[in-house]
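To start, the structure under review is shown below, and the notes come after it.
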Protein chains: 2
Amino acid sequence: MLLIRRCLGAQRHARSAAAARLWSSSSSSSSSSSRDQRWRHRDDGTSWKHGLAGLLAGTGAVLAYGLHRQKAEQEDKSRVQTIEKASELPIFTQEEVSSHRRLEDGVWVTYKGGVYDITEFVGVHPGGDKILLAAGGDLEPFWALYAVHKQKHVLEMLSAYKVGELSAQDRKKQQSVAPSDPYSSDPERHPALRVNSLKPFNAEPPPELLTDSYITPSAIFFKRNHLPVPQVDPASYRLHVEGLARGVLTLSLEELKTRFPKHTVTATLQCAGNRRSEMNKVKRVKGLNWGIAAISNATWSGARLRDVLLAAGYGPDVAKWALHVQFEGLDEDVTGTTYGASIHLNKAVSEDGDVLLAYEMNGEELPADHGYPVRVVVPGTVGARNVKWLGRIRVSAEESGSHWQQNDYKGFSPGTDWDTVDFTSAPAIQELPVQSAITTPADGAAVDRSSEEVTVKGYAWSGGGREVVRVDVSLDGGETWQVAELKGGGTGDAPPGRAWAWKLWEVTAPLPAGSRELEIVCKAVDSSYNMQPDTVGPIWNLRGVLSNAWHSVRVEITEDESEE
Amino acid sequence: MLLIRRCLGAQRHARSAAAARLWSSSSSSSSSSSRDQRWRHRDDGTSWKHGLAGLLAGTGAVLAYGLHRQKAEQEDKSRVQTIEKASELPIFTQEEVSSHRRLEDGVWVTYKGGVYDITEFVGVHPGGDKILLAAGGDLEPFWALYAVHKQKHVLEMLSAYKVGELSAQDRKKQQSVAPSDPYSSDPERHPALRVNSLKPFNAEPPPELLTDSYITPSAIFFKRNHLPVPQVDPASYRLHVEGLARGVLTLSLEELKTRFPKHTVTATLQCAGNRRSEMNKVKRVKGLNWGIAAISNATWSGARLRDVLLAAGYGPDVAKWALHVQFEGLDEDVTGTTYGASIHLNKAVSEDGDVLLAYEMNGEELPADHGYPVRVVVPGTVGARNVKWLGRIRVSAEESGSHWQQNDYKGFSPGTDWDTVDFTSAPAIQELPVQSAITTPADGAAVDRSSEEVTVKGYAWSGGGREVVRVDVSLDGGETWQVAELKGGGTGDAPPGRAWAWKLWEVTAPLPAGSRELEIVCKAVDSSYNMQPDTVGPIWNLRGVLSNAWHSVRVEITEDESEE
């Protein structure tokens, strides 16, 4: 891996020089060679590589490809046509293709019978080094998993690298093992959901539905999948617990349900990218363009992780060498890489941590999209650590080495860009900061003057079990504030540090005389008296996570002319 | 007490009407009676009563009286002279005075031989109901304690209530028991300290000294006393632990030091009012006008509270009925009311809570100003709960009933004023929010252009053991940001949730070409990714606590003319 990185470094250097040449020539210049034409995208290799590393990881798909497509559309379309018409290319056997697996030998892949030398593309691949997993082989199984590739501009980009055709015999073999759509067995979803990405499935409920009930119905609970939903047979399901002195503990679903007391916790889960769309308005970020509803609240039941760890041999001595508890999902990509994340050991084993191995959501079996048959629920902690379709637990001195723990779900300074980011410099997001948003009225809605007052509703929540103790609402963009009424749960009901569930809130206020527009703003305060930052710009970060500035909506006050 | 409150309510109502009359008449009108003249201050009784309740509690003295003095100066001074010259007033005996202890009978007090009917003043007394403790008696012992009363405008206000003279015989008796200054045995203090209040003593170090060392020398560690420093004899000192099944556990200093393992914790303490002066600039608040240095960092050693509670019989069963651990100081006012506060039981008994009964600070015996011989250190928690001169610990189902727990040290919405505030609506401050400030350069300093760069230094800290993971610094008022280098402690050194000590930070940046002035801003991020709010206005609150908006200083860039 180190070797690959070093090679990519050298590549990048060479490309920079080539790019500098290219940008100084006109894009329609016929004097540039076809090889140079391949580099007619701007050479921001480092940026793409890091920035879109989340793509193969299933994140950032929609937005990133939006950017890419735009770029592709700006290209000279005739160039593509020229290449596609390109005369007789050589025929290669699969064996010849397979010998091009490394940067030193050139990296070749096949796609629908074509052979492509993508050596120079490796360094700028949005999905990062993972493209090398397809080296010497066929792209189709990968593209089936990451359906975002199946777009015209991606095919156009690929066509520029075509060097030959696969022999008819080998093509036939490929077709006989062509994969089915790995998402074909994903469950049905509720039609009300607003879909951010179909494959993998990511969707949020309409905000006005979100705060209709304190407990979010499972069907509209926001969905955030990184990979296809795995099909798990409950009878053969086994949970493996490793890393402890007694060796591996293996539990069937039945054992998990019967050997440990069933605990129930009402906990709000929030995606790190909730409200990312507001950061996107400041400056483009990489990631799914979530609105304000990548957050939901449910009742979860299952065994306590603490109890399972105790049964597996966890004792006070473990804390001397272990610092983390890692989780592996059963959802995997074509290379067999599973989703993974970890939490701090003290959260996992604390009686007050309330970490569950949940098999029920809102009193029913976990739905497929939410981790059937077993998921981790880590109250107060970012959604990404609440691993679904849980297959393995590992007590360890180390954090999870997964992409999602190491190179994603971290916050950076607004001054940090994809060229300067050092993912080791920031801690993996665990507890989330205080958050709130207005769900009613919607931005751009109108209120009639004759109604005399306006009712504003929303949600508020904070990570780490810190209870929301107050929500301030302003109708004038933050000049004056009033205190909203908190609903659900009731202030002070949860033990200190264990307020895992959100507060819904509401305020009804008279329409200010003379105003034609309201700028309604909300901000929440948690039990540590942390408050939300005023504006998005200074908390902007390249991954668009932790978007918790004041939320605001503009509402027009209309005059009902029928009354005149 | 309930009765008193009800009476005060009625009083207030009557006063409102009187005040309305008065405000409609010219202040120089000679037609208003001398009784009416007493009400020539604006009738904001509720405001004063609540707002300055902290005064008798030793808080808010300087500022509040600043406001009061200003008002008094606006009064017609000749009026006062008239009253002082007022001819033969009746002579009263102490017995007669003593019969006026209740609002129903009129409330009388004496002061230097004068007799005053302050019945109508009770409702507007800045120190609240506590004035009734002096009813029927002499003011001097109280004013000796709260030296803030000994100011000209206070005497002027009092003079308006004079109704007679105390008999010579009773005056003589009073003088024979006149109290000495209760602050006379307060310790010597370091001359570098910036004094906010002498009696009780409240002072902070100069900011530029503060960040000269990671561990603040005890002599310049900020001092925040509510009452005179008690003189405690270490030989007869006893710590009482109550509220547990086994009855009272009493420990001598020697027993505390020898029966329990000695633990050492480096922890930053911060006053809830740190940076209050910035809130004052937005709108006046009640409280000591702290700058940015009501925060310091020290090493504390002592017995763990958890260990002492275990020795006193604390077991898991206690958590079934107890929720709080109350602390009582040995510092007391003339009525025998001691300083008091409480923390949540789970913080007190958690192994990870690191709560100490400290007898050492920075490796030496606790200094008198910091609680000799024993104080509580509650890492991650507002200074006010770190009770000094600890006399008593009480495990309880209830929070401390003290003024400081119930009616002070709480946060409110910027829209809440002294007329609408309901202290029961907000939780007592425990963990503090994320904080940072710039200590160098000072606001208004100049940097010479020839130096080419500027070095900015400061501190950053967050409550609840949440480690500061990043400090962003801007030279242009928040438009662009760079990441400061964190010093001391080292990121990631503390176990998760136990980062009790601050981070000092530093950044050196080139002076921007063309700028004549820098607006240097800092903001910190903690391990829960909580950030500081951008501006002070929206977090303004009537007590001026929790002032943690971005800190900024303006620095002029001067051109060195000698080089021209």
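Looking at the structure I just gave you, is B:VAL334 within 22 Å of the chain's Cα centre (by Cα), in contact (Cβ under 8 Å) with a residue 12 or more places away in the chain and surrounded by fewer than 23 Cβ atoms within 10 Å (Cβ to Cβ)?
Yes.
Which of the residues spanning the stretch B:415-467 are within 11 Å of chain A (Cβ to nearest Cβ), part of a strand (DSSP E or B) and not charged (D, E, K, R)?
B:ALA428, B:GLN435
Could you tell me which of the residues B:VAL387, B:VAL395, B:VAL334, B:VAL376 is among the hydrophobic types (A, V, I, L, M, F, W, C), at pLDDT 95 or above and not in a strand (DSSP E or B)?
B:VAL387
Which residues, counting only those in the stretch A:142-166, are in a loop (DSSP other than H, G, I, E, B) and either out of contact with any Phe, Trp or Tyr (no Cβ under 7 Å at 6 or more places or on another chain) or at pLDDT below 90 (or both)?
A:TYR146, A:LYS150, A:GLN151, A:ALA160, listed by residue number.
Quick check, is B:VAL382 within 24 Å of B:LEU253 (Cα to Cα), within 14 Å of chain A (Cβ to nearest Cβ) and surrounded by 19 or more Cβ atoms within 10 Å (Cβ to Cβ)? Lay out the reasoning, then the answer.
Numbers: within 24 Å of B:LEU253 (Cα to Cα): no; within 14 Å of chain A (Cβ to nearest Cβ): yes; surrounded by 19 or more Cβ atoms within 10 Å (Cβ to Cβ): yes.
No, not satisfied.
In the stretch B:506-521, how many residues are surrounded by 15 or more Cβ atoms within 10 Å (Cβ to Cβ) and either in a strand (DSSP E or B) or within 11 Å of chain A (Cβ to nearest Cβ) (or both)?
Residues in the stretch B:506-521 being surrounded by 15 or more Cβ atoms within 10 Å (Cβ to Cβ) and either in a strand (DSSP E or B) or within 11 Å of chain A (Cβ to nearest Cβ) (or both): 7 in total.
Please enumerate the residues belonging to the stretch B:344-360 that are away from every other protein chain (no Cβ under 14 Å), over 16 Å from B:LEU330 (Cβ atoms) and either small (Gly, Ala, Ser) or surrounded by fewer than 24 Cβ atoms within 10 Å (Cβ to Cβ) (or both).
Residue satisfying the conditions is B:GLU360 alone.
Picking from B:PRO191, B:PRO200, which residue would you name as being out of contact with any Cys (no Cβ under 9 Å at 6 or more places or on another chain), under 27 Å from B:LYS223 (Cα atoms) and surrounded by 12 or more Cβ atoms within 10 Å (Cβ to Cβ)?
Result of the check over B:PRO191, B:PRO200: B:PRO200.
Output the residues belonging to the stretch B:226-247 that are among the aliphatic types (A, V, I, L, M), surrounded by 13 or more Cβ atoms within 10 Å (Cβ to Cβ) and farther than 30 Å from B:ASN202 by Cα.
B:LEU244
Quick check on this structure: which one of A:VAL115, A:VAL80 is at pLDDT 95 or above and out of contact with any His (no Cβ under 6 Å at 6 or more places or on another chain)? Reasoning before the result, please.
On the way: A:VAL80 fails: at pLDDT 95 or above.
Every option except A:VAL115 fails the conditions.
Out of B:GLU255, B:GLU328, report the one residue that is without any contact (Cβ under 8 Å) to a residue 40 or more places away in the chain and of a type outside the set (A, V, I, L, M).
B:GLU255
Could you check the stretch B:522-542 and list, in sequence order, the residues that are within 9 Å of another protein chain (Cβ to nearest Cβ) and either basic (Lys, Arg) or within 27 Å of the chain's Cα centre (by Cα) (or both)?
Passing the criteria: B:LYS523, B:VAL525, B:ASP526, B:ASN530, B:MET531, B:GLN532, B:PRO533, B:ASP534, B:THR535, B:GLY537, B:PRO538, B:ILE539.
If A:LYS503 meets every condition in (1) within 28 Å of the chain's Cα centre (by Cα); (2) more than 14 Å from chain B (Cβ to nearest Cβ) apart from one, which number is that one?
(2)
When you check B:PHE221 against the structure, is it under 30 Å from B:GLY128 (Cα atoms) and either in contact (Cβ under 8 Å) with a residue 60 or more places away in the chain or crowded, with 23+ Cβ neighbours inside 10 Å (or both), yes or no? Break it down stepwise before answering.
Numbers: under 30 Å from B:GLY128 (Cα atoms): no; either in contact (Cβ under 8 Å) with a residue 60 or more places away in the chain or crowded, with 23+ Cβ neighbours inside 10 Å (or both): yes.
Against the criterion (under 30 Å from B:GLY128 (Cα atoms) and either in contact (Cβ under 8 Å) with a residue 60 or more places away in the chain or crowded, with 23+ Cβ neighbours inside 10 Å (or both)), B:PHE221 does not qualify.
Conditions tested, residue by residue: (1) within 17 Å of B:VAL355 (Cβ to Cβ); (2) touching a His at 6+ places or on another chain (Cβ under 7 Å); (3) of a type in the set (Lys, Arg); (4) modelled with pLDDT under 95.
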residue: B:HIS240; (1), (2), (3), (4): no, no, no, no
residue: B:ALA245; (1), (2), (3), (4): no, no, no, yes
residue: B:GLU254; (1), (2), (3), (4): no, no, no, no
residue: B:PRO261; (1), (2), (3), (4): yes, no, no, no
residue: B:GLN270; (1), (2), (3), (4): yes, no, no, no
residue: B:TRP290; (1), (2), (3), (4): no, no, no, no
residue: B:LEU305; (1), (2), (3), (4): yes, no, no, no
residue: B:ALA311; (1), (2), (3), (4): yes, no, no, yes
residue: B:PRO316; (1), (2), (3), (4): no, no, no, yes
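If I ask for residues that are at pLDDT below 95, loosely packed, with under 14 Cβ neighbours inside 10 Å and more than 11 Å from chain B (Cβ to nearest Cβ), which ones from the stretch A:473-495 would you list?
Within the stretch A:473-495, A:GLY490, A:ASP493 qualify.
Given the criteria within 11 Å of another protein chain (Cβ to nearest Cβ), in a loop (DSSP other than H, G, I, E, B), of a type in the set (Lys, Arg) and surrounded by fewer than 24 Cβ atoms within 10 Å (Cβ to Cβ), does B:ARG498 qualify?
In short, yes.
The values are calculated or read from the model by the stated rules, or taken from the named source; none is laboratory data. Please read all numbers here as calculations on a predicted model, not as lab measurements. Here Cβ is always computed from backbone atoms with ideal geometry, including for glycine, and neighbour counts include all displayed protein chains.
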